[in-house]
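Some notes on the structure that comes next.
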Amino acid sequence: MKIALAQTDTIWENKSSNMSKAEKFISEAAKEHCDIIVFPEMSLTGFSLNIDKISEAEQNSQTISFFSRQALKNKIYIMFNAALADENGKIFNKTITVDDYGNVISSYAKIHPYSHGVEAKYFTGGDRIEWFNLKGATVSPFICYDMRFPEIFQIASQKSRLIIVSASWPDIRSPQYDILIRARAIETQSFIAIVNRVGHEMKYNYNGHSQIVSPDGNVISTISESEALITAEFDINYADVCRHNFSVKSDRRPDLYKKYL
């Protein structure tokens, strides 16, 4: 498995300029023979709450059409994030994955919109965990604040060996970010890949630190605060090796946990 993370500095509310930037990253990842490229949360718009301007109907989305064309052109899977509306007009913070033929194979709505800011006032929370097939490997997507909720990662890891997180995580909470990534990898015995943005937006600075972490908590690849493409190649079956050699999952007691939830 070879994955690319596009650590980008988003141009505020400018989809066309950000699309041009995305094209270059996608082309570079394809030239490096990556299986999938992943973009940060709201990478084409920034985390604007000008919902009327940035959101699109999912069934007729310019953003989805753009990435589908790029996936087909470059023969690469692409995971990206956008504000998308359903048929009832509800707005979701969504991560979409398209395969190398441009087909949508996963549509994940962020389960935990950030309630300590104003995201939860504008975005409806999702109600399901996603699994999709990436060239024989089962993968699950999550988004930013979801990373603080270990329960959904445990559920996802029942099938997935790779969990991918798209983030827009400010530098004031960077120490927590680094700990949470490794904790989610260790406790689920899964590969965790997270892509975060860089730059400045509104009152926040973003310092990237996108990375891929192995099931035993070791950082395979990372990059600091620059706009760049990070790639890593790894054997997805190593997750099964870790789970076999140190069978934490077999000691879990979900029936007991349910009594207290």
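The values are calculated or read from the model by the stated rules, or taken from the named source; none is laboratory data. The model shown is predicted, which means the values in this text are computed figures rather than measured ones. Backbone-built Cβ (ideal geometry, glycine too); neighbour counts: all protein chains shown.
Note on region 201-222: among residues that are of a type in the set (D, E, K, R) and modelled with pLDDT under 95, the one that is surrounded by the fewest Cβ atoms within 10 Å (Cβ to Cβ) is 203. Listed by position, the strands (runs of 3 or more DSSP E) contained in region 1-109 that have at least 1 residues being touching a residue at least 60 places away in the same chain (Cβ under 8 Å), touching a Ser or Thr at 6+ places or on another chain (Cβ under 6 Å) and among the hydroxyl-bearing types (Ser, Thr, Tyr) are 91-98. Among the residues here, residue 114 qualifies as part of a loop (DSSP other than H, G, I, E, B) and either out of contact with any His (no Cβ under 9 Å at 6 or more places or on another chain) or of a type in the set (Ser, Thr, Tyr) (or both). Quick one: count up the residues across region 217-255 that are under 25 Å from residue 39 (Cβ atoms) and not in a loop (DSSP other than H, G, I, E, B). Summing the residues that are under 25 Å from residue 39 (Cβ atoms) and not in a loop (DSSP other than H, G, I, E, B) in region 217-255 gives 11.
The single residue among 178, 216 that is acidic (Asp, Glu), farther than 29 Å from residue 117 by Cα and out of contact with any Leu (no Cβ under 8 Å at 6 or more places or on another chain) turns out to be 216.
Residue 42 - would you say it is among the hydrophobic types (A, V, I, L, M, F, W, C) and within 22 Å of residue 118 (Cβ to Cβ)? Spelling it out, residue 42 is indeed among the hydrophobic types (A, V, I, L, M, F, W, C) and within 22 Å of residue 118 (Cβ to Cβ). When region 223-245 is filtered for residues that are surrounded by 15 or more Cβ atoms within 10 Å (Cβ to Cβ), at pLDDT 95 or above and either under 15 Å from residue 181 (Cβ atoms) or among the charged types (D, E, K, R) (or both), the ones remaining, listed by number, are 227, 230, 232, 243. Within region 106-148, restricting attention to residues that are touching a Pro at 6+ places or on another chain (Cβ under 6 Å) and among the aromatic types (Phe, Trp, Tyr), which residue is surrounded by the fewest Cβ atoms within 10 Å (Cβ to Cβ)? By that ranking, first place goes to 123.
Every residue, every condition in (1) within 20 Å of residue 165 (Cβ to Cβ); (2) touching a Phe, Trp or Tyr at 6+ places or on another chain (Cβ under 8 Å); (3) surrounded by 24 or more Cβ atoms within 10 Å (Cβ to Cβ), yes or no:
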| position | (1), (2), (3) |
| --- | --- |
| 4 | yes, yes, yes |
| 11 | no, no, no |
| 27 | no, no, no |
| 35 | yes, yes, no |
| 50 | no, no, no |
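Out of all the residues in region 173-180, is one or more under 13 Å from the mean Cα position of the chain (by Cα) and closer than 21 Å to residue 200 by Cβ? No, region 173-180 contains no residue that is under 13 Å from the mean Cα position of the chain (by Cα) and closer than 21 Å to residue 200 by Cβ.
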